[in-house]
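Since the structure comes first, as structure tokens, the remarks are kept for the end.
The values are calculated or read from the model by the stated rules, or taken from the named source; none is laboratory data. Because the structure is predicted, anything quoted here is derived from the model rather than measured. Counting neighbours? That spans all protein chains shown, and the Cβs are built from the backbone with ideal geometry, glycine included. Accessible surface areas use protein heavy atoms only, side chains included; no ligands, DNA or RNA. Shrake-Rupley method; radii C 1.70, N 1.55, O 1.52, S 1.80 Å.
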Amino acid sequence: MDAAEFRKRGKEMVDYVADYLEKIDKRQVFPDVEPGYLRPLIGDCAPQDPESFEDVFKDIEKIIMPGVTHWHSPYFFAYFPAASSFPALLADMLCGGIGCVGFSWAASPACTELETVMLDWLGKMINLPQEFLAGKDGQGGGVIQGSASEATLISLLAARTKTIRWVQSEKPELTEAEIMGRLVAYASDQAHSSVERAALIGAVKIKNIPSDDTFSVCGSALKKVLDEDKAAGLIPFFFCATLGTTPCCSFDKLLELGPICNKENIWMHIDAAYAGSAFICPEFRHLLNGVEFADSFNFNPHKWLLVNFDCSAMWVKKRSDLIGAFKLEPLYLQHHHQESGLVTDYRHWQIPLGRRFRSLKLWFVLRLYGVRGLQEHIRKHVRLSHQFEHLVLQDERFEICAEVVLGLVCFRLKGSNELNEALLKSINEAKKIHLVPCHLREKFVLRFAICSRTVEATHIKFAWQHISQLATDLLKTWEQTHHQQ
């Protein structure tokens with residue numbers, strides 16, 4: 001394919017993507033395929049000779065689309081949103097076109113410098129304390145990671161290195177292996193599974209702190225476990241606080257937890273993967289109060305800020321803590337500006353060496369929407385979630401299971417877990433909308449997340465009428481079968 005054909009085919013592809021997104025509501029939100037559907041549809045091995053673009057293009061609808069779950073459909077209410085917007089897609093094209101691998105400043109100065117400035121922009125939008133910003137001569141700064149899971153792992157590994165060095169300076173008789181065996185990390189029993197996975201990869205113990213009746217961790221619960229562990233000779237070193245938990249969007253009590261972590265010399269990382277985007281709205285910023293006690297903080301613009309995957313924003317108060325844990329300098333990666341103190345080499349801030357020019361997406365989206373446009377997007381989603389909550393509350397067969405703060409509603413039929421499992425099964429088998437469940441304590445709960453950029457009140461109303469009708473049908477058959485038993 002030469003440049004002339006690329007121009008032609010590129011325009012066709014842009015039209016195809018625009019049509020796909022414009023008419024996505026006409027597609028069934030969840031596919032009909034069975035596992036293994038794709039292999040028989042394509043050859044056993046790659047073609048020896050080139051095929052035509054027309055043939056490849058035809059196969060998108062024939063082979064790929066039948067197996068796609070349409071995350072950007074206004075009938076998709078599962079997981080959390082996956083952000084997408086036309087400015088972000090255009091920036092991603094440019095990123096692919098430039099095709100640099102921005103592991104160091106010298107590898108592509110614009111790639112590094114735009115990222116540093118964009119993370120400062122974003123930090124100011126959510127009113128992050130000054131220490132987290134790079135500025136001209138700050139000690140902190142931001143970096144784009146691939147996901148919140150990576151940000152949690154990076155902060156845990158940095159905390160581990162920092163703690164081992166500190167303990168060795170206090171007790172030189174202890175070996176690194178002895179210290180490692182005594183380290184403990186902590187997170188809420190509502191925290192995302194990626195926190196436990198970070199501890200697994202980091203080869204340290206992790207303990208769940210029990211959450212309260214609002215599914216939040218408070219200071220006294222953390223303190224109790226810390227006191228027990230210190231008495232047993234363990235070394236607490238890391239706590240991951242969650243703002244906007246995955247099951248029900250609850251918020252750990254930072255103002256109680258932060259001072260405890262600071263006093264006990266425990267690294268506090270804040271995972272606000274979903275909820276963090278909402279902090280650009282002044283009315284939700286109080287949910288971030290207490291961030292001043294944290295060592296690192298992360299949220300995903302690729303969830304709720306119209307920047308498509310992957311773009312996970314992470315800030316640290318002291319970038320030397322990260323760099324100190326991951327810095328290796330082989331000759332082939334060195335460059336003559338690196339000791340100037342003016343440059344950032346992001347390879348020291350992350351797990352992979354290579355990185356894409358992801359800050360272009362942020363730059364395009366922040367400029368083409370403006371802060372006000374992004375705030376309106378968040379507020380619309382929150383309004384729609386309260387609309388759905390209101391519909392649920394009007395039907396006495398249902399209950400709301402957790403406070404609705406942002407764009408997630410947790411609800412269920414009053415009754416057994418089996419009944420709610422049957423309801424979810426009938427919803428997802430009908431394939432008109434798509435939902436996923438969670439467990440809140442012993443209850444099987446349905447999650448209704450406002451996801452699509454194009455979702456409107458009409459889609460919410462349709463979803464509720466559909467759920468309500470399926471519940472009516474289910475309860476009839478349920479009563480008959482259970483009555484006979």
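Assorted remarks:
- Here is the figure for segment 1-30: residues that are open to solvent by 70 Å² or more (accessible area, probe 1.4 Å), part of a helix (DSSP H, G or I) and either more than 25 Å from SER52 (Cα to Cα) or of a type in the set (Phe, Trp, Tyr) (or both) total 3.
- Scanning segment 60-102 for residues that are touching a Phe, Trp or Tyr at 6+ places or on another chain (Cβ under 7 Å), assigned to a loop (DSSP other than H, G, I, E, B) and within 23 Å of GLN145 (Cα to Cα) yields PHE80, PRO81, ALA82, ALA83, CYS100, GLY102.
- For segment 168-199, a residue qualifies if it is hydrophobic (A, V, I, L, M, F, W, C) and open to solvent by 10 Å² or more (accessible area, probe 1.4 Å), and the qualifying residues are LEU174, ALA177, MET180, ALA191.
- Pair list, Cβ under 8 Å, 6 or more apart: segment 161-176 residue farther than 13 Å from GLY324 by Cα, other residue open to solvent by 70 Å² or more (accessible area, probe 1.4 Å) and outside any loop (DSSP other than H, G, I, E, B): GLN168/GLU176
- Some residue of segment 229-239 being of a type in the set (Asp, Glu), surrounded by fewer than 24 Cβ atoms within 10 Å (Cβ to Cβ) and either touching a strand residue (DSSP E or B) at 6+ places or on another chain (Cβ under 8 Å) or more than 17 Å from GLU131 (Cβ to Cβ) (or both): yes
- Take the conditions (1) open to solvent by less than 40 Å² (accessible area, probe 1.4 Å); (2) in a helix (DSSP H, G or I); (3) over 26 Å from CYS451 (Cβ atoms); PHE279 misses just one of them, which is (3).
- Within segment 458-480, considering residues that are free of Cβ contacts under 8 Å to residues at least 24 places away in the same chain and either open to solvent by less than 60 Å² (accessible area, probe 1.4 Å) or among the charged types (D, E, K, R) (or both), the one farthest from ASP25 (Cα to Cα): GLU479
- Odd one out for GLY202, checked against (1) open to solvent by 10 Å² or more (accessible area, probe 1.4 Å); (2) at pLDDT below 95; (3) farther than 25 Å from ALA402 by Cβ: (1)
- Restricted to segment 417-457, and to residues there that are part of a helix (DSSP H, G or I) and of a type in the set (A, V, I, L, M), the residue that is surrounded by the most Cβ atoms within 10 Å (Cβ to Cβ) is LEU423.
- Residue among PHE76, PHE30, PHE57 that is more than 29 Å from ALA449 (Cβ to Cβ) and not acidic (Asp, Glu): PHE57
- Considering residues of segment 342-371 that are assigned to a loop (DSSP other than H, G, I, E, B) and among the basic types (Lys, Arg) only, the residue surrounded by the most Cβ atoms within 10 Å (Cβ to Cβ): ARG358
- Count of segment 80-108 residues which are among the aromatic types (Phe, Trp, Tyr), closer than 30 Å to TRP464 by Cα and crowded, with 18+ Cβ neighbours inside 10 Å: 1
- Top-ranked residue in segment 282-306 [being outside any helix (DSSP H, G or I) and more than 12 Å from the chain's Cα centre (by Cα); ranked as surrounded by the fewest Cβ atoms within 10 Å (Cβ to Cβ)]: ASN289
Every residue, every condition in (1) part of a loop (DSSP other than H, G, I, E, B); (2) at pLDDT below 90, yes or no:
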site: CYS111; (1), (2): no, yes
site: LYS124; (1), (2): no, no
site: ASN127; (1), (2): yes, no
site: LEU156; (1), (2): no, no
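- Unmet requirement for VAL33, which otherwise passes all of (1) modelled with pLDDT under 95; (2) in a helix (DSSP H, G or I); (3) open to solvent by less than 60 Å² (accessible area, probe 1.4 Å); (4) not assigned by the TED database to the domain that holds GLY276: (2)
- If you filter segment 220-249 down to residues that are without any contact (Cβ under 8 Å) to a residue 60 or more places away in the chain and within 25 Å of the chain's Cα centre (by Cα), you find that the one that is farthest from TYR274 (Cα to Cα) is LEU222.
Residues checked against (1) modelled with pLDDT of 95 or more; (2) within 15 Å of HIS390 (Cα to Cα):
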residue	(1), (2)
ILE427	yes, no
LEU435	yes, no
ARG441	no, no
ILE450	yes, yes
VAL455	yes, no
ALA463	yes, yes
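- The set of residues in segment 391-406 being within 27 Å of the chain's Cα centre (by Cα) and open to solvent by 70 Å² or more (accessible area, probe 1.4 Å) consists of GLU403 alone.
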